[in-house]
Amino acid sequence: MGELKVKDKEIVVPGELLADGMDYLPSTGTYRDENSILSFQVGLINIDGRVIKVIPLTGKYNPKRNDTIIGEVVNITMNGWIVDIGGPYSAMLTLKDASSSFIERGADLSQFYDYGDIIASQIVNVTKTKLIDLSMRGPGLNKLKGGRIIDVTSSKVPRIIGRQGSMIHMIKDSAKCRVIVGQNGKVWISGDNMQDENKAAEAIMMIENEPQAEGLTEKVKNFLESK
Amino acid sequence: MVYSKRSDGRKFDELREMEAKVGVIKSADGSAMFRMGKTIAIAAVRGPRNLHPRFMQNPEKGILRCNYDLMSFSVTERKRPGPSRRSQEVSLVTEKALLPALNLDEFPNAVVDVFIQITQADAGTRCAGINAASLALADAGIIMSDLVCAVALGILHGDKVIVDINKEEEDYKDGIADTPIAIMPHSGKITLLQMDGEASKEEIKQALEKAKETCKKIRDVQVKALKEKYGGMKNEV
């Protein structure tokens, strides 16, 4: 008979015993060693029926297809741009996917995106050796002017967005800011004045620092209203 | 002379007082401090990150690079800064002690750098270094099947094994075999086993048994430190 050794939302460390027996199934962040399931990472336990998952609390961004990310243009080559997306690998934005309009052969590419420009982009492909292709075709994908970028842990992005975007909508409305959250843990905030931006940034850092708190939405809501 | 009592009054299987702290270096991706008695090790992890020189890149999986060094003020006689024959050797065995626990398949062509500095040395520095490095790797969110725990044992002639030797015991005049051992506690796999001295087969077997027990105690300290950092987040308002 299988036995669960941890509770939902508990914090676990690598090599910690999560469950005994074959009744439970290991998902991401866990592995099976003969008859037991153990943790691969520091993270929060998520138990969904028989499936045990560990949601990591730290770590670098692991690029996935169809992720919307925020990156910085670091280099321009003959056929596109090299974009730093955080983490160990940089991504490639090719001419074909760079704009919905036609870019002529031999055009000055820095006219479109220059060094240091921040772009919201989408990952179209990731190969096994981590060559990453980006695309700018799609709604909301463009160069981001002004504003500021704050870094969060990429695994906490779902908490920042909330269920069906509830958390991020609340922050946007309350702080009167434009906010774009990249799956790579970069958050772009732009408001009319510094106070608004600070308010949104502080709310996001609150989620970053205590993602597992009970009633997080309420807490953030109270925080935003008190400011 | 019969060795019946340890110089600092510990029992034969008693560890020195241990202390661990995770996240001591803010600019690193993961960091930790591990203290065993008077030996203090600080480890910082950077990466996974882009690897240069490129000829070292492995397109199948990421690589691990360890860098161990004593700080010049950490020992009684000033240590000349910079790499030495000894520090290169310890860096290498540390790397080999940690690697079996890690899974770097997700990071082809990348590197995970581990920097270990000993700020105070009182024997067992490579073990304290491995303990700190394993915590720092977990803090950096690297996928690892288990934490690695290490301890230096001393084998005395006449079937006596003492746990976690200090400098005074290491220099014991009648001879003691200094045996650093690193273990992955869950599977019980040994990832580091060195010995400086003489010991019989039975004595080594006895030492390995002792090391397994002791590493469980070290793991408890490591787990507590990690949970303190990540569990503590909940209570900070």
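Miscellaneous remarks
Residue-wise test of (1) at pLDDT below 95; (2) of a type in the set (Lys, Arg); (3) assigned to a strand (DSSP E or B); (4) in contact with a Lys or Arg (Cβ under 9 Å, 6 or more places away or on another chain).
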| residue | (1), (2), (3), (4) |
| --- | --- |
| A:Lys128 | yes, yes, no, no |
| A:Ile160 | yes, no, no, no |
| A:His169 | yes, no, no, no |
| A:Lys221 | yes, yes, no, no |
| A:Leu224 | yes, no, no, yes |
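- Sole residue being in contact (Cβ under 8 Å) with a residue 40 or more places away in the chain and within 26 Å of A:Pro56 (Cβ to Cβ), chosen from A:Ser135, A:Ser166: A:Ser166
- Summed over region B:1-37, the residues that are part of a loop (DSSP other than H, G, I, E, B) and either free of Cβ contacts under 8 Å to residues at least 40 places away in the same chain or not hydroxyl-bearing (Ser, Thr, Tyr) (or both) give a count of 23.
- Identity of the residue in region B:2-37, of a type in the set (D, E, K, R) and over 18 Å from the mean Cα position of the chain (by Cα), that ends up farthest from A:Asp151 (Cα to Cα): B:Lys5
- Selection count, region B:178-198, where residues are of a type in the set (A, V, I, L, M, F, W, C) and surrounded by fewer than 21 Cβ atoms within 10 Å (Cβ to Cβ): 4
- Residue in region B:101-118 that is part of a helix (DSSP H, G or I) and in contact with a Pro (Cβ under 7 Å, 6 or more places away or on another chain) present: no
- Note on region A:125-134: residues that are more than 14 Å from chain B (Cβ to nearest Cβ) and surrounded by fewer than 18 Cβ atoms within 10 Å (Cβ to Cβ) amount to 1.
Yes/no matrix, rows are residues, columns are (1) farther than 28 Å from A:Asn35 by Cβ; (2) modelled with pLDDT under 95:
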| position | (1), (2) |
| --- | --- |
| B:Asn131 | yes, no |
| B:Ser134 | no, no |
| B:Leu137 | no, no |
| B:Gly158 | yes, yes |
| B:Val163 | yes, yes |
| B:Asp171 | yes, yes |
| B:Ile176 | yes, yes |
| B:Ile183 | no, no |
| B:Asp196 | yes, yes |
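- Just so you know, in region A:169-186 the residues that are touching a residue at least 40 places away in the same chain (Cβ under 8 Å) and more than 9 Å from the chain's Cα centre (by Cα) include one that is nearest to B:Ala140 (Cα to Cα), and it is A:Ile180.
- When restricted to residues that are over 14 Å from the mean Cα position of the chain (by Cα), under 16 Å from B:Ala128 (Cβ atoms) and either within 10 Å of chain A (Cβ to nearest Cβ) or buried (at least 24 other Cβ atoms within 10 Å of the Cβ) (or both), region B:150-164 contains 1.
- If the condition is being in contact (Cβ under 8 Å) with a residue 24 or more places away in the chain and either in contact with a Leu (Cβ under 7 Å, 6 or more places away or on another chain) or within 13 Å of chain B (Cβ to nearest Cβ) (or both), then region A:8-18 contributes A:Lys9, A:Glu10, A:Ile11, A:Val12, A:Val13, A:Pro14, A:Gly15, A:Leu18.
- Selection of first residues in region A:56-68 that are facing chain B (nearest Cβ under 10 Å) and of second residues that are charged (D, E, K, R), restricted to Cβ pairs under 9 Å at least 6 apart or on distinct chains, gives the following pairs, ordered by first then second residue: A:Leu57/A:Lys156; A:Thr58/B:Asp29; A:Thr58/B:Asp139; A:Gly59/B:Asp29; A:Lys60/B:Asp29; A:Lys60/B:Arg49; A:Asn62/B:Glu106.
- Residue in region A:77-86 that is at pLDDT below 90 and farther than 25 Å from A:Leu109 by Cβ present: no
- Residue ID - nearest to the other protein chains (Cβ to nearest Cβ), chosen from residues in region B:108-118 that are within 14 Å of the chain's Cα centre (by Cα) and surrounded by fewer than 24 Cβ atoms within 10 Å (Cβ to Cβ): B:Phe115
- Selection status of B:Arg80, free of Cβ contacts under 8 Å to residues at least 60 places away in the same chain and outside any loop (DSSP other than H, G, I, E, B): no
- Selected residue [within 14 Å of chain B (Cβ to nearest Cβ), charged (D, E, K, R) and touching a Lys or Arg at 6+ places or on another chain (Cβ under 9 Å)] from A:Asp84, A:Asp151, A:Asp117: A:Asp151
- Residue count, region B:177-236 (criterion: of a type in the set (Lys, Arg) and closer than 19 Å to B:Glu17 by Cα): 6
- Of the residues making up region A:204-222, those that are more than 14 Å from chain B (Cβ to nearest Cβ) and either among the charged types (D, E, K, R) or surrounded by 18 or more Cβ atoms within 10 Å (Cβ to Cβ) (or both) are A:Ile204, A:Lys221.
- Residue in region B:133-149 that is of a type in the set (A, V, I, L, M, F, W, C) and more than 14 Å from chain A (Cβ to nearest Cβ) present: no
- Output for region A:93-119, where each listed residue is closer than 14 Å to A:Leu134 by Cβ, in a loop (DSSP other than H, G, I, E, B) and modelled with pLDDT of 90 or more: A:Phe112, A:Tyr113, A:Asp117
The values are calculated or read from the model by the stated rules, or taken from the named source; none is laboratory data. Bear in mind that the values here come from a model prediction, so they are computed numbers and not experimental data. When we count neighbours, we look across all protein chains shown, and the Cβ atoms used for this are built from the backbone with ideal geometry, even at glycine.
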